Structure formats: C-alpha cells, structure tokens
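*Asks:* A single structure is presented below for examination.
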Amino acid sequence: MSMPLLAGPSDRRSLFTLGVLGVILIVACTAAISLARARHHGAPVTASAGRRRTLAGDTSACTASQLRVTLGPGLDDAHDAGGVVVFTNTGASPCDVDGYPTVTAFASGGSVLSAVPVLAGPLGGWRSPLALSATTLSPGDSAEVAIESPAHQPDGQACPTAAVLRVRPPGSPTFALLWATLTAPPSAAPVALPMCHGFAVHPFMPAGGTAR
C-alpha cells in the first residue's frame with residue numbers, strides 16, 4: 001500500500017492526521033460501504049454497459065505495483081467541485097488501464113462515501129461511449145480520471161468535505177491514500193471536494209484532458 005501525502009501546514013497536520021487515519025482504520029473494518037446514487041450526474045455506467053474496450057495488441061493490464069497514484073488539478077464551476085487523479089506507469093514495460101478505479105472519500109468527521117462510476121459529468125468524462133478504449137501507458141506515461149460531486153445538497157445545505165481519498169486501481173487488491181488537497185489553475189485557488197449525493201468517478205483517459 002502506497003501512501004503519498006500532499007504537504008500542508010505542519011503545525012496542525014499531526015492532530016489532523018491522527019483523526020483522519022483513525023476514521024479510516026475504523027471504516028476499513030466494516031464489511032462493505034454502500035454506494036451513493038448519481039442522480040445529479042445521470043445513471044451509473046457499469047463495466048458492461050455502453051462501453052467498447054479496445055486493447056492495443058497484447059499489452060497487459062497495469063498492476064498496482066506499476067502505477068504511482070497522485071492528485072492532479074482541482075476542478076470546479078458554479079454547481080460542482082472535483083479534481084483529477086493521475087496514474088503514472090513507473091514500470092519497465094507498457095501496460096493498459098481501462099474502466100474505472102475505485103475511489104472512496106473520508107471526511108475528518110467520520111463520513112465515508114464511495115464514488116459511483118459514471119461515464120461523464122459537468123466537469124469531465126467521456127462524452128460518447130463509442131469512443132471508450134483502453135489507454136496504453138509506456139514507461140513514464142500517465143492517464144487520468146476525473147472525480148466530482150455536486151457542491152451542495154439538493155436543499156442547498158453543505159455536504160461533508162473530503163479529507164482523504166482512497167484510490168484502488170481496477171482489479172487491484174492494494175490502494176493509495178491521498179490527502180484531498182486540490183488546487184485549481186491558473187491561480188492555484190484551493191478546491192474543497194464535497195461528499196454529496198452524486199459523488200462520481202469517470203473512466204480513464206489519456207493525461208491532459210478532462211473530457212473526451
């Protein structure tokens with residue numbers, strides 16, 4: 001299990017870290033976490049619905065040991081907030097990423113929410129299921145997925161804010177833990193990741209584009 005943590009103010013990070021990690025340890029002992037419905041983003045898209053998987057030759061799927069998982073830029077608009085999760089091939093040979101990673105958000109207050117796989121939303125994803133294909137990563141190359149949530153509940157109330165993200169590559173028994181610290185270019189303004197009904201993760205795409 002890798003655990004890249006984004007740097008933050010050191011004077012408050014220790015107490016915050018203990019609280020968040022305590023939440024994660026408790027949650028990790030539960031048998032299952034219920035998935036939220038993505039009413040704001042449309043119906044979830046499963047691995048077998050509306051997808052065309054195109055592998056490049058005989059390239060095998062990337063394993064967790066080949067991938068470094070990091071956070072990319074934050075994304076937001078008037079109604080939604082989210083960000084980009086980047087997967088970099090650190091291995092010695094090409095490999096493919098395809099489908100959806102598993103993303104779970106943890107709030108410092110104890111709330112837990114798993115992202116629902118959705119083809120596209122306001123901030124990213126594939127606009128056409130016919131364009132979906134596996135992404136082949138040569139050594140050093142990256143792919144990305146967009147994650148997003150409505151900024152508020154339907155009644156306008158605030159939602160819990162994610163403190164830590166647990167990201168599991170497809171088919172992997174191991175995961176990465178990331179501080180949910182997002183900044184949006186060009187001003188590097190902070191972007192909070194709400195944990196609202198409709199929290200979604202979109203499919204892999206080549207690095208550099210949030211929507212296809």
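The values are calculated or read from the model by the stated rules, or taken from the named source; none is laboratory data. Given the structure is predicted, the values throughout are model-derived calculations rather than measurements. Counting neighbours? That spans all protein chains shown, and the Cβs are built from the backbone with ideal geometry, glycine included.
*Asks:* Within segment 158-175, count every residue that is among the β-branched types (Val, Ile, Thr) and surrounded by fewer than 20 Cβ atoms within 10 Å (Cβ to Cβ). Steps first, answer last, please.
*Replies:* Step one: filter segment 158-175 for residues among the β-branched types (Val, Ile, Thr), giving 161, 164, 167, 174.
If we keep only those that are surrounded by fewer than 20 Cβ atoms within 10 Å (Cβ to Cβ) too, we end up with 161, 174.
So the answer is 2.
*Asks:* Report yes if Gly83 is over 11 Å from the mean Cα position of the chain (by Cα), farther than 14 Å from Cys196 by Cα and among the small types (Gly, Ala, Ser), otherwise no. Steps first, please.
*Replies:* Values: over 11 Å from the mean Cα position of the chain (by Cα): no; farther than 14 Å from Cys196 by Cα: yes; among the small types (Gly, Ala, Ser): yes.
So Gly83 fails the test.
*Asks:* Do the conditions hold for Asp155, that is, is it surrounded by fewer than 15 Cβ atoms within 10 Å (Cβ to Cβ) and at pLDDT 90 or above?
*Replies:* Working: surrounded by fewer than 15 Cβ atoms within 10 Å (Cβ to Cβ): yes; at pLDDT 90 or above: yes.
It is true that Asp155 is surrounded by fewer than 15 Cβ atoms within 10 Å (Cβ to Cβ) and at pLDDT 90 or above.
*Asks:* Okay, next question. Looking at Asp141, is it of a type in the set (Asp, Glu), at pLDDT 95 or above and more than 11 Å from the chain's Cα centre (by Cα)?
*Replies:* Values: of a type in the set (Asp, Glu): yes; at pLDDT 95 or above: yes; more than 11 Å from the chain's Cα centre (by Cα): yes.
Criteria met by Asp141.
*Asks:* Examine segment 101-124 for a residue that is more than 25 Å from Ala162 (Cβ to Cβ) and at pLDDT 50 or above, and state whether such a residue exists.
*Replies:* Let us first name the residues in segment 101-124 that are more than 25 Å from Ala162 (Cβ to Cβ), namely none.
Scanning segment 101-124 turns up no residue that is more than 25 Å from Ala162 (Cβ to Cβ) and at pLDDT 50 or above.
*Asks:* For segment 70-181, give me every one of the strands (runs of 3 or more DSSP E) that falls completely inside it and has 3 or more residues that are closer than 23 Å to Thr59 by Cβ. It would help to see each step written out before you state the result.
*Replies:* Details: elements: 80-89, 95-97, 102-107, 112-114, 135-137, 142-150, 162-168, 176-179.
The strands (runs of 3 or more DSSP E) meeting that bar are 80-89, 95-97, 135-137, 142-150.
*Asks:* Another one. Identify the residue in segment 183-210 that is under 12 Å from the mean Cα position of the chain (by Cα) and among the hydrophobic types (A, V, I, L, M, F, W, C) and, among all such residues, is farthest from Arg68 (Cα to Cα).
*Replies:* Initially, segment 183-210 is screened for residues under 12 Å from the mean Cα position of the chain (by Cα), giving 193, 199-204.
Then drop every residue that is not among the hydrophobic types (A, V, I, L, M, F, W, C), which leaves 193, 199-201, 204.
Values: Leu193: 21, Phe199: 23, Ala200: 21, Val201: 18, Phe204: 15 Å.
Residue satisfying both the conditions and the ranking: Phe199.
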